[in-house]
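The values are calculated or read from the model by the stated rules, or taken from the named source; none is laboratory data. Keep in mind it's a predicted model, so treat the numbers as computed, not measured. Glycine also receives a Cβ, built like all others from the backbone with ideal geometry; neighbour counts cover every protein chain displayed.
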């Protein structure tokens, strides 16, 4: 249920590509998109009291551009940077509503996705008057596929796992001269994944600005979920630069069946370790076996703990957020969004978790920040978990 390792590679070294200055550039781009507004940062004071911490702050990404997930931040910023580069103009000159008029014909963007990233790319392509082709791994939610198609993109569900689907998308892009917009990197392909992770920093920039206006104060503990680590790395890089890496504790959480970050963090020399197989988890957005080499260095340098958990931990987080103590606000959080809340609950209530919490001073003086990165993107399964009690602890 709970597998924890202290990060022996911690240095606190910040990143030159994930910092507050670049975050400001990304947020300036997002601000000019019609419908932009910061998503809520929700305080849960009664839950904080029950779990023995000072405050719990939850960034609720179910409100992002009406897409029920945060991923559009990365996809839209990457598409904006790609179009700016293609047109040889500054990204500040990219207007989503008029950029298509600068092109002779629409460009085709393609990606592999577990759902939310592809939705973001499809939405951004549509908003910019471009085309998108999205590949999904076997076992993907048909609801997610239909949502992507509803945004005007072509969506193809493959018969291989996520990492092999990424390879298929890359191969097809090369064969058709399409632009691959992937949120993981490999040798020779790191510029676009960097832009995607930089786009995610808007979420953290909003959260820290919002926290500055609240009585709870800035976070002393941050819990981040990881698939390939693109979001976790971008967010952690920003926070380490703005707050100082030594001023808060960071826990990186993953599904046990796809714990590539955990295994990399517990390797002999801190090098990347891949996980293969079907990687079946309810946390589809985190079911990735190959860490992003662009963001791995910041995770290695600035994380305090690596944790892998079973699916029932995420399910518990969903139920806690959706069924709050009287007086706290309800938050609809999907499987990949709620893993950190489930983990926080374990750290407060599980005997082994309590020892870990004590070791990192997760106590009555702790201000905990978590990022609920998606809402009920799979509504049927959300009901099975929240209503019917699927996957109990």
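Being part of a helix (DSSP H, G or I) and surrounded by fewer than 19 Cβ atoms within 10 Å (Cβ to Cβ): is that true of residue 218 here? Spelling it out, it is not the case that residue 218 is part of a helix (DSSP H, G or I) and surrounded by fewer than 19 Cβ atoms within 10 Å (Cβ to Cβ).
Residue by residue, here is whether (1) within 25 Å of residue 204 (Cβ to Cβ); (2) outside the structural domain of residue 153 (by TED's automatic domain parsing); (3) in contact with a strand residue (DSSP E or B) (Cβ under 7 Å, 6 or more places away or on another chain) holds:
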{"site": "84", "(1), (2), (3)": "yes, no, no"}
{"site": "96", "(1), (2), (3)": "yes, no, no"}
{"site": "101", "(1), (2), (3)": "no, no, no"}
{"site": "107", "(1), (2), (3)": "no, no, yes"}
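All told, residue 150 meets the bar of being surrounded by fewer than 24 Cβ atoms within 10 Å (Cβ to Cβ) and not assigned by TED's automatic domain parsing to the domain that holds residue 343. Among the conditions (1) touching a strand residue (DSSP E or B) at 6+ places or on another chain (Cβ under 9 Å); (2) touching a residue at least 40 places away in the same chain (Cβ under 8 Å), the only one that residue 12 does not satisfy is (1).
Of the residues in region 223-241, not one is touching a residue at least 24 places away in the same chain (Cβ under 8 Å) and surrounded by fewer than 19 Cβ atoms within 10 Å (Cβ to Cβ).
Listed by first and then second residue, the pairs linking a residue in region 242-255 that is assigned to a helix (DSSP H, G or I) to a residue that is surrounded by 24 or more Cβ atoms within 10 Å (Cβ to Cβ), with Cβ atoms under 6 Å apart and 6 or more places separating them unless they lie on different chains, are 245/302. Summed over region 40-54, residues that are assigned to a helix (DSSP H, G or I) and touching a strand residue (DSSP E or B) at 6+ places or on another chain (Cβ under 6 Å) total 3. Criterion applied to 59, 37 was being part of a strand (DSSP E or B) and either in the same structural domain as residue 218 (by TED's automatic domain parsing) or at pLDDT below 95 (or both), and the one residue passing it is 59. Of the residues making up region 110-145, those that are surrounded by fewer than 23 Cβ atoms within 10 Å (Cβ to Cβ) and on the phi > 0 side of the Ramachandran plot are 129, 139. Among the residues of region 261-297, those identified as in a helix (DSSP H, G or I) and under 15 Å from the mean Cα position of the chain (by Cα) are 261, 284, 285, 286, 296. Which of the residues that make up region 15-44 are more than 25 Å from residue 298 (Cβ to Cβ), exposed (fewer than 15 other Cβ atoms within 10 Å of the Cβ) and touching a residue at least 40 places away in the same chain (Cβ under 8 Å)? 32, 34, listed by residue number. Number of residues in region 203-215 that are in contact (Cβ under 8 Å) with a residue 12 or more places away in the chain and surrounded by fewer than 24 Cβ atoms within 10 Å (Cβ to Cβ) equals 7.
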